[in-house]
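Just so it is clear, none of the values below were taken in a lab; they were calculated from the coordinates. Predicted model only: the values in this text are computed from it and were never measured. Here the Cβ is made from the backbone with ideal geometry for all residues, glycine too, and neighbour counts use every protein chain on show.
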Amino acid sequence: VDQTYIMVKPDGVQRGLVGEIISRFEKKGFKLTGLKLFQCSKELAEEHYKDLKQKSFFPKLIDYITSGPVVCMAWEGVGVVASARKLIGATDPLQAEPGTIRGDLAVQTGRNVVHGSDSPENGKREIALWFKEGEVCEWTPVQAPWLRE
Ligand code: GTP
Ligand code: MG
C-alpha cells in the first residue's frame, strides 16, 4: 500500500486552513497514519527540497517553509501518492483546477499552502525524514469495507 507525505505549509497554518486541508484527504477515504504541528529547521527544509537546490527560488523556498509551523501528515492508501497530487492541484494555484486545494484556496506558487510527495519512493523518504520512529501509527479504520470491495 502506498504512503505519501502531505504537509500544510506555514501559509496554510497561518490562514487557518489546516482543518479544511485534512478534511479533503479524510473525506476522499485515505487513512491518516501520522500528524503533528512542527517548526522545521533550515537543514530539514533543505534536505526535503534538495532536488530543487539549483533553482533560483531555492533560498526563498527555504525561508517560506521555515517561516512558521507546518502540519506534517502521513497518509496511506492504494494510489494515494498520485491521487493526493490531483487533490492538491497544479504547483501554480492560478493554473490549478477549481475543486483542488490550491485551485480553491491559493493564488501564488510561492504561497501554495500544501505539499504532496511526487512518487511512492519520495513518499517513503519524506515520511522517514519528517517523522521519528513511533510517530507513525498503524490502525484499521472501521470504514475500510465501505471504501473498497
Ligand atoms: P511541492 O508539493 O511543495 O513539492 O510542490 P510541487 O511538487 O507542486 O512543485 P515543486 O516540487 O516543483 O516545487 C516545490 C515548491 O517550490 C512549490 O510548491 C513552490 O512552493 C515552490 N516553487 C516552485 N517553483 C517556484 C517558483 O518558480 N517560484 C517560487 N517562489 N516558488 C516556487
Ligand atoms: Mg514537489
Task: Residue-span extension gain [residue 133 to residue 86] - 0.36 nm each, minus C-alpha spacing - done: 14.0 nm
Task: Sequence of 47, 126, 121 once ranked by neighbouring C-beta atoms within 10 Å, starting from the fewest - done: 121, 47, 126
TODO: Putting +1 on Lys and Arg Cβ atoms and -1 on Asp and Glu Cβ atoms, find which of 7, 68, 90 reaches farthest to the positive end of the dipole of segment 1-124.
DONE: 68
- [ ] In vacuum, with every alpha carbon of the chain counted as one equal point scatterer, what does the Debye formula give for log10 I(q)/I(0) at q = 0.15, 0.17 Å⁻¹? Two decimals, please.
- [x] -0.75, -0.97
Task: Label-zone membership for segment 1-28, site residue 39, 7 angstrom Cα→C-beta point, backbone N under 16 Å - done: 10-11, 13-14
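What list do you get for 91, 140, 100 if you sort them by fewest beta carbons within 10 Å? Present the calculation step by step, with values, prior to reporting the outcome.
On the way: 91 10, 140 7, 100 19.
Starting with the residue having the fewest Cβ neighbours, the order is 140, 91, 100.
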Open item on the list: How would 132, 9 line up from fewest to most surrounding beta-carbon atoms within 10 angstrom?
Closed with: 132, 9
- [ ] Pop the C-beta distance of residue 78 and residue 142 into the FRET formula with R0 = 22 Å and round what comes out to the nearest 0.05.
- [x] 0.75
Open item on the list: Mean-square fluctuation check for the chain, GNM, Cα pairs under 10 Å: which of 69, 98, 120 is largest?
Closed with: 98
Task: Dipole in debye (nearest 20) - the chain, about Cα centre, beta carbon charges: Lys, Arg +1; Asp, Glu -1 - done: 260 debye
- [ ] In whole Hz, with x marking every Gly and Pro, tabulate ³J(HN,Hα) for segment 132-149 from phi via Karplus 6.51 cos²θ - 1.76 cosθ + 1.60, θ = phi - 60°.
- [x] 8, 3, x, 8, 9, 10, 9, 7, 10, x, 5, 7, 3, x, 9, 9, 9, 6
- [ ] Please report how far the C-alpha centroid of segment 66-117 lies from that of segment 1-51, rounded to the nearest whole angstrom.
- [x] 9 Å
